[in-house]
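Some notes on the structure that comes next.
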Amino acid sequence: HLPVCECHPCYGGSDCSEFLSDCVANAGSGDPLFLEPFWKQHAASSAVLVSGWHRMSYIYSDGSYISELLVKHIIKVHDIVGNAKTDGKYVIFGAGSTQLMNAAVYALSPNSSSNPAKVVATAPHYAAYKTQTEFFNSRDYRYEGDTSLWKNKTDGSTRFIEFVTSPNNPDGKLTSAVLQGSNVKSIYDYTYFWPHFTAIPAPADEDLMLFTISKLTGHAGTRFGWAIIKDADVYERMLTYLTVNTIGVSRDAQLRALKLLNVVVEGEGREIFEFGYTTMRDRWIRLKNVLSKSKRFSLQKLSSQYCSFFQRTRDPSTAYAWLKCEREEDKDCYTVLRAAGINGHPGSNYSADDRYMRLSLIRSKDDFEILINKLKTLVAQS
Ligand code: PMP
């Protein structure tokens, strides 16, 4: 018997087998628990044990607070997957890509309160680019809305910093920068640029690229991400930010990341990416099947594409469904789904219309099954 405290929130009873019918399907946050079964299969090889007297120092033996061994592992992962060019580039660590986003904005901004950099992104986009930039409220940079407002207006002396998410959160599409010009700098957020979620058409070779283990291994709670940086000055400025802010990333988090990436690179990454891809593809197929019967709801269109990692054309798989409510009266799609016992995120969280909403597909198997059941009922009633 499992203790009751270990039941999924939608199940009760002494052995967690009783479905609680008033339970709400959790398709909200992008907690990547879909990878938990993979790590259960690799429990011993991924485990970390640290004695109390171990690794107490601020620094590694070379005087740095960035593990060189971990940098080598990260480069190996990118070489195996073929999703980023790392030759001659700098690698820096952050507490998830979340910390690196603002480090990057700081590093790309001019030291000029009279002409602050404009931070922009293309809707629908990940909310934190806006919320974080506004929260830090710097004299050197400001969030200035959608790229569509600034097309053909980038010629002046103002620095533009464009966040590009590829594949995009929430709609899973591969994207590239919209703005052009010598004053435009891009931050490529490649959080989802892994074979679980997308075809890898070619290695990315952008000036500033962000990655995280959150959506690669699924260890969002470890809070470990990295940036790959072409320019030495930008690297130095990001290093300053990380030093002033937190004196780098927890050495324990670095050790755990090292252990996890060791398992990822086993067998050239075949096992984890086959698992991630087939899990996400199957979820997408099932979701599409349920909604294909509906005129009330539609999903984003994703197509099969050649993947250099799998060396074949692969079906779509995506971290999130970007659902649209098609009926004229369903202007608030989030509320429509919420009334049917499904919790997602409203479109306005992504600077988009509330006729859209995001459903997370990367949560646990239980969360996904409950989502599918609730959607089946909703579609049958509509
Ligand atoms: N960028 C995007 C597009 C994301 O979706 C997320 C996480 N949901 C992050 C960055 C932040 O990830 P991390 O856990 O590494 O801070």
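Using only Cα positions of segment 1-65, each an equal point scatterer, no hydration layer, compute I(q)/I(0) via Debye at q = 0.20, 0.29 Å⁻¹ and quote the log10 values to two decimals. Debye output, listed in q order: -0.99, -1.13. The relative contact order of segment 68-267, computed from alpha carbon pairs under 8 Å that lie at least 6 residues apart in sequence, is 29 percent. Of the chymotrypsin sites (Phe, Trp or Tyr not before Pro) found in segment 58-164, those that fall in a DSSP loop while having at most 15 other beta-carbon atoms within 10 Å are Tyr58. Within the chain, the longest segment free of exposed loop sites, counting GluC sites (Glu not before Pro) that fall outside DSSP classes H, G, I, E and B and have at most 13 other Cβ atoms within 10 Å, spans 1-325. Relative to the Cα centre, the charge distribution of segment 68-267, modelled as +1 at Lys and Arg Cβ and -1 at Asp and Glu Cβ, gives a dipole magnitude of about 280 debye. Reducing segment 268-346 and segment 135-154 to their Cα centroids gives an inter-centroid distance of 31 Å.
Here the Karplus relation 6.51 cos²θ - 1.76 cosθ + 1.60, evaluated at θ = phi - 60°, turns the backbone of segment 155-162 into coupling constants of 7, x, 8, 6, 7, 10, 10, 9 Hz, with x for every Gly and Pro. Using just its DSSP H runs of length 4 or more, each adding -39500 (n - 2.57), the chain gives a mean residue ellipticity at 222 nm of -10000 deg cm²/dmol after division by all residues.
Close amide H partners of Leu20, meaning residues 5 or more places away or on another chain with modelled amide H under 5 Å apart, are Tyr11, Gly12.
Each principal axis of the Cα atoms in the chain has its own extent, and those three values, largest first, are 58, 55, 40 angstrom. Distant-in-sequence amide contacts of Ile187, defined by a placed amide H-H separation under 5 Å and a gap of 5 or more residues or a different chain, comprise Glu162, Phe163, Val164. Overall, the chain carries a charge dipole of about 540 debye about its Cα centre when +1 sits on the Cβ of Lys and Arg and -1 on the Cβ of Asp and Glu, all other atoms neutral.
Summarising the strand pairing of the chain, around 55 percent of its internal DSSP beta bridges are antiparallel. Each of Val71, Thr240, Trp284 was scored by the projection of its Cα onto the charge dipole of the chain, and the greatest displacement toward the positive side belongs to Trp284; charges sit on the C-beta of Lys, Arg, Asp and Glu. The H on the amide N of Gly248, modeled in the peptide plane, is under 5 Å from the matching H of Thr243, each at least 5 residues off or on a different chain. Across segment 302-311, coupling constants 3J(HN,Hα) worked out from phi with the 6.51/-1.76/1.60 Karplus curve, θ = phi - 60°, read 10, 10, 5, 8, 5, 10, 5, 6, 7, 6 Hz, and Gly and Pro carry x.
No lab work stands behind these numbers, since they all come straight from the coordinates. All values reported here derive from a predicted model rather than from experimental measurement. Every residue, glycine among them, receives a Cβ derived from its backbone with ideal geometry; neighbour counts consider all protein chains shown.
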